[in-house]
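What follows is one structure encoded as structure tokens, with my remarks underneath.
The values are calculated or read from the model by the stated rules, or taken from the named source; none is laboratory data. Computed from a predicted structure; not experimentally measured. In this analysis, Cβ positions are derived from the backbone assuming ideal geometry, glycine residues included, and neighbour counts consider all displayed protein chains.
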């Protein structure tokens, strides 16, 4: 089950097994077999020896990839330590209690601009009552959420809940187990 839309040739920075996820190598235009949680595409069915001139890598479309564990159709995929495709496990839910202030930027140490904001709950500093302000806030930058023109939270606390989505190289089109070679949909927006 292949329907490769975008294939590019790269120089192998080391030996690459067939049907393995690859990542950028140290040199421009080079790739190496991916390690846990990384990947830009999948090496074709030939792979490459370290001394080969090129390795073809599927960057978008449907590619065949070797599974490194149990995978269910629809799972987002990333690389294990050997470049085999395994199910992505998100890095979990995180919380931070921020000091409120005037409407605008609030410091949330550790949040990244690529994170997903789950909630922003204001706890009134006097009454202790909670107000859901999630719809007012967005992640504006690393370590910062913003509700410009929103509710002032001066003297209050804002309990921020967010998650960091794990990177994926694609989505499983077929269920399988470790060692199976199955189809995966690859799109650069997944990474």
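A few remarks follow.
- Per the listing 22, 57, the residue uniquely in a strand (DSSP E or B), in contact (Cβ under 8 Å) with a residue 12 or more places away in the chain and farther than 24 Å from residue 177 by Cβ is 57.
- Subset tally (residues that are closer than 19 Å to residue 186 by Cβ and in a loop (DSSP other than H, G, I, E, B)) for the stretch 25-39: 7
- Residue match in the stretch 47-55 (condition: closer than 14 Å to residue 169 by Cβ and either modelled with pLDDT under 90 or surrounded by 24 or more Cβ atoms within 10 Å (Cβ to Cβ) (or both)): no
- Qualifying residues in the stretch 102-118 (those that are under 19 Å from residue 92 (Cβ atoms) and crowded, with 16+ Cβ neighbours inside 10 Å) - the one modelled with the lowest pLDDT: 115
- Looking at the stretch 104-191, the strands (runs of 3 or more DSSP E) lying wholly inside it that each contain 3 or more residues that are more than 18 Å from the chain's Cα centre (by Cα) sit at 105-107, 116-123, 130-132, 144-146, 157-163, 181-186.
- Residue within the stretch 91-99 that is buried (at least 19 other Cβ atoms within 10 Å of the Cβ) and part of a strand (DSSP E or B) present: yes
- Counting the residues of the stretch 109-129 that are in contact (Cβ under 8 Å) with a residue 24 or more places away in the chain and farther than 15 Å from residue 150 by Cβ gives 13.
- Meets criteria (in contact (Cβ under 8 Å) with a residue 12 or more places away in the chain, surrounded by fewer than 18 Cβ atoms within 10 Å (Cβ to Cβ) and at negative phi) for residue 79: no
- Residue check, residue 84 within 30 Å of residue 16 (Cβ to Cβ), touching a strand residue (DSSP E or B) at 6+ places or on another chain (Cβ under 8 Å), touching a residue at least 24 places away in the same chain (Cβ under 8 Å) and surrounded by 13 or more Cβ atoms within 10 Å (Cβ to Cβ): yes
- Subset of the stretch 15-46 (residues that are on the phi > 0 side of the Ramachandran plot and loosely packed, with under 15 Cβ neighbours inside 10 Å): 29
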